[in-house]
1. Six or more apart or on different chains, Cβ atoms under 6 Å: show the pairs whose first residue is in region 91-117 and in contact (Cβ under 8 Å) with a residue 60 or more places away in the chain and within 27 Å of THR147 (Cα to Cα) and whose second is of a type in the set (D, E, K, R) and open to solvent by less than 10 Å² (accessible area, probe 1.4 Å).
2. Which residues, taken from region 181-191, are touching a residue at least 40 places away in the same chain (Cβ under 8 Å) and open to solvent by 30 Å² or more (accessible area, probe 1.4 Å)?
3. Just need a number here: residues in region 241-282 that are touching a residue at least 24 places away in the same chain (Cβ under 8 Å) and outside any loop (DSSP other than H, G, I, E, B).
4. Looking at LEU47 and the list (1) farther than 18 Å from VAL133 by Cα; (2) open to solvent by 30 Å² or more (accessible area, probe 1.4 Å); (3) not in a strand (DSSP E or B), which single condition is not satisfied?
5. Select from region 325-338 the residues that are within 29 Å of the chain's Cα centre (by Cα) and either free of Cβ contacts under 8 Å to residues at least 24 places away in the same chain or open to solvent by less than 40 Å² (accessible area, probe 1.4 Å) (or both) and list them in ascending order.
6. Whether any residue in region 136-154 is modelled with pLDDT under 95 and buried (at least 23 other Cβ atoms within 10 Å of the Cβ) is what I want to check.
7. Which of the residues spanning region 51-87 are of a type in the set (Asp, Glu) and in a loop (DSSP other than H, G, I, E, B)?
8. Considering every residue within region 344-358, establish whether at least one is assigned to a strand (DSSP E or B), small (Gly, Ala, Ser) and surrounded by 17 or more Cβ atoms within 10 Å (Cβ to Cβ).
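The values are calculated or read from the model by the stated rules, or taken from the named source; none is laboratory data. Every value quoted in this text rests on a predicted model; they were computed, and no experiment measured them. With ideal geometry, Cβ positions are generated from the backbone for all residues, glycine too; neighbour counts draw on all protein chains shown. In case anyone asks, the SASA skips ligands and DNA or RNA and just uses the protein heavy atoms, side chains included. Shrake-Rupley method; radii C 1.70, N 1.55, O 1.52, S 1.80 Å.
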Amino acid sequence: MTLTTQQVTAQDAQYLRRALELAEQGRGRTSPNPLVGCIVVREGVVLGEGWHERAGGAHAEVRALQQAGDARGATVYVTMEPCAHQGRTPPCSEALIAAGVSRVVFAANDPNPLAAGGAARLQEAGIAVLSGVLQDEAERQNEAFFTVQRRQRPLVLYKTAMTLDGKIATRTGQSRWITGAAARERVQQWRDQFDAVAVGINTVLLDDPLLTCRLAGGRSPLKVIFDSVARTPPAAKLFLPDQHGVAARVIIYSTEQAPANRVEALRAVGAEVIALPEQRGRSAVRAALADLRQRGVNSVLLEGGGTLAWSFFEAQAVDKIAFFIGPKLLGGAGASPLAGLGVAQMDEAITLADLQTEFIANDLLLTGQVRIPLPSQRRER
């Protein structure tokens with residue numbers, strides 16, 4: 001029998017919050033799987049805890065059951081509906097049934113139709129199931145996973161740094177550094193957590209970035225370059241190993257117009273060069289994101305300049321923004337965070353929701369969810 005939400009206890013919420021904390025320990029390591037944490041409790045005593053550490057590894061429920069040993073009659077708290085399918089690991093719902101647990105409380109239903117159905121299987125086996133406890137928190141924690149399942153593309157965060165007068169570079173193209181060390185440290189944390197970082201060819205040519213995570217123990221993301229005619233220099237720093245000696249993983253999305261000799265030179269230094277079916281702008285963005293999804297990429301940190309960023313916005317493929325604002329003024333005609341044609345009417349403006357502000361040393365960080373107006377919301381012309 002499915003329990004109702006009125007039967008949620010303070011202990012249920014307490015244990016699930018702990019499970020959410022455990023799940024965070026897998027951030028940046030589990031794609032294409034979600035973050036999941038689990039606790040096994042019997043008569044107020046925590047018998048075991050676990051979280052999903054990496055894709056292909058044991059799931060959170062299995063790790064918690066292993067630590068618990070004897071879990072008969074226990075309540076299991078898990079942040080995601082236990083899976084019901086055989087993937088790289090056996091179904092977690094069957095492991096819970098075999099362990100003899102009496103009750104399972106979970107936060108969010110699994111949106112993946114291939115893995116869903118665990119709750120029904122548990123109920124069939126006579127296990128009491130309570131779902132939806134701290135569901136909003138669990139879905140926020142796994143926003144990248146839910147985006148992939150619901151929108152069929154990775155979650156995209158557009159990160160940029162600009163001066164107080166809206167410039168991302170001087171009139172000569174210099175962009176280092178608009179923000180201070182503390183703000184740049186936050187970006188390093190994101191690179192550790194996101195599956196991929198994306199830039200355009202202009203950023204490569206102007207800045208020659210490493211695009212690595214330089215945190216101690218950090219993991220560098222997949223490097224994605226939008227470069228229609230393969231102008232990326234084979235000697236670019238992005239091909240260097242990271243600080244741990246791990247070889248760079250680089251995908252260059254190009255076109256059939258890219259000269260064959262340039263493509264071969266890039267492949268010779270380890271790049272995977274992919275000619276997209278359509279050439280530029282939003283079509284290229286959509287094709288690239290579809291390809292990345294097939295590769296198990298759940299999240300993309302977009303760090304490109306204004307031209308590439310506008311192509312992502314045109315493709316309605318930006319979910320969140322993070323604008324660092326440095327207390328500097330440049331004046332002149334320097335580049336801005338968004339280029340492209342722009343909108344013609346104010347009611348076409350891209351708006352933001354859930355705005356949050358944070359001072360990081362002397363820099364201001366503004367984050368928000370992107371809301372792109374639907375055609376029905378715009379004036380008829």
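1. VAL105/ASP12
2. Of everything in region 181-191, those that are touching a residue at least 40 places away in the same chain (Cβ under 8 Å) and open to solvent by 30 Å² or more (accessible area, probe 1.4 Å) turn out to be ALA181, ALA182, ARG186, TRP190.
3. 13
4. (3) is the only condition that LEU47 fails.
5. Hits for region 325-338 are ILE325, GLY326, PRO337.
6. Among the residues of region 136-154, not one is modelled with pLDDT under 95 and buried (at least 23 other Cβ atoms within 10 Å of the Cβ), which makes the answer no.
7. GLU53, ASP70, GLU81
8. No, region 344-358 contains no residue that is assigned to a strand (DSSP E or B), small (Gly, Ala, Ser) and surrounded by 17 or more Cβ atoms within 10 Å (Cβ to Cβ).
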